[in-house]
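The values are calculated or read from the model by the stated rules, or taken from the named source; none is laboratory data. Here the structure is a predicted model, which means the values were calculated and not measured. Note that we place each Cβ from the backbone using ideal geometry, even for glycine, and neighbour counts take in every protein chain shown. Ligands, DNA and RNA are stripped out before the accessible areas are found, and what is left, the full protein with its side chains, is counted by its heavy atoms. Shrake-Rupley method; radii C 1.70, N 1.55, O 1.52, S 1.80 Å.
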Amino acid sequence: MIPQNFFRFPTESTESESTAQIQAGANVRIERIVSRGHSSPPGFWYDQDESEWVMVLSGAASLLFEGEVEAVRMGPGDYIDVPAHQRHRVEWTDPDQDTVWLAVFYPGDGA
């Protein structure tokens, strides 16, 4: 077995987020997401069939949930559980450093 490092990733274009699947099974998927100054397009809302537990490991971001007035600010160590079909969007990620996310997707019904 050869260990991998979650913080080492290839340098890619800063025009889009970098997403890598780390592990997947029948009912769960683990991803690493790297953002730098990225946000959801105007008017776009995520509306996922899966629930998503997401943690910011480094950097900073703000998430806005439909029906809320203020975005939720997240920094290193902050995590949030987003239920399936909870509409949300990425309002902001730090433009000066990588924001590294750990995301775990699992069935929306809790199964």
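Here are a few things to note about the model shown:
- In sequence order, segment 55-60 has phi-based couplings of 10, 8, 8, 8, x, 7 Hz under the Karplus curve 6.51 cos²θ - 1.76 cosθ + 1.60, θ = phi - 60°, and Gly or Pro positions carry x.
- Close amide H contacts of Val72 (hydrogens built in the peptide plane, cut-off under 5 Å, sequence separation of 5 or more or a different chain): Leu63, Leu64, Phe65.
- Karplus-derived 3J(HN,Hα), 6.51/-1.76/1.60, for each residue of segment 78-94, Hz, glycine and proline x: 7, 9, 8, 9, 9, x, 3, 6, 7, 5, 8, 8, 8, 7, 6, 10, 4
- Amide H contacts of Ile22 (H built 1.01 Å from N, in plane; Pro and chain starts excluded): Ile30, Glu31, Arg32 sit under 5 Å, all sequence-distant by 5 or more or on other chains.
- Loop sites by DSSP among the trypsin sites (Lys or Arg not before Pro) of the chain, restricted to those with at most 14 other Cβ atoms within 10 angstrom, leave 9-86 as the longest stretch without any of them.
- Dipole check for the chain: with +1 at the C-beta of Lys and Arg, -1 at the C-beta of Asp and Glu, and the Cα centre as origin, the magnitude is about 340 Debye.
- Exposure ranking of Asp98, Asp81, Asp109 by accessible area [1.4 Å probe, largest first]: Asp109, Asp81, Asp98
- Among Ser58, Pro3, Gly75 - extreme Cα towards positive end, dipole of segment 1-85, charges at beta-carbon: Pro3
- Placing pseudo-labels 7 Å out from each Cα toward the beta carbon at Ile30 and Met1 gives an inter-label distance of 1.1 nm.
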